[in-house]
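The values are calculated or read from the model by the stated rules, or taken from the named source; none is laboratory data. What you are looking at is a predicted structure, and each value in this text was computed from that prediction instead of being measured. Each accessible area value is taken on the protein alone, full model and side chains, heavy atoms only, with ligands, DNA and RNA left out. Shrake-Rupley method; radii C 1.70, N 1.55, O 1.52, S 1.80 Å.
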Amino acid sequence: MSDRSALELVTGSMRPLHTGDFAGIWLKLLYLVFGLLMTALVFSGMMVWTKRTAIETVKIVRERRQARLGLEAAE
């Protein structure tokens, strides 16, 4: 058992985790790969949402324009 308390253990590990000095280069590269994958997942989701929203917006604008033109033609 360690002679350090839980608080000392946690506070002693905070700085190495914050600065990235907690492991070798391979674990840092693994963290980098997973970070890049998560970033790509976020951006691809944003692209899908933006494309879907743009398509729906175009449909709504077309419907309103056709409805307005239809009302003007009926007058």
Would you mind stating whether residue 68 is part of a helix (DSSP H, G or I), over 22 Å from the mean Cα position of the chain (by Cα) and modelled with pLDDT under 85? no
Residue check for residue 11: open to solvent by less than 60 Å² (accessible area, probe 1.4 Å), assigned to a helix (DSSP H, G or I) and of a type in the set (Val, Ile, Thr): no
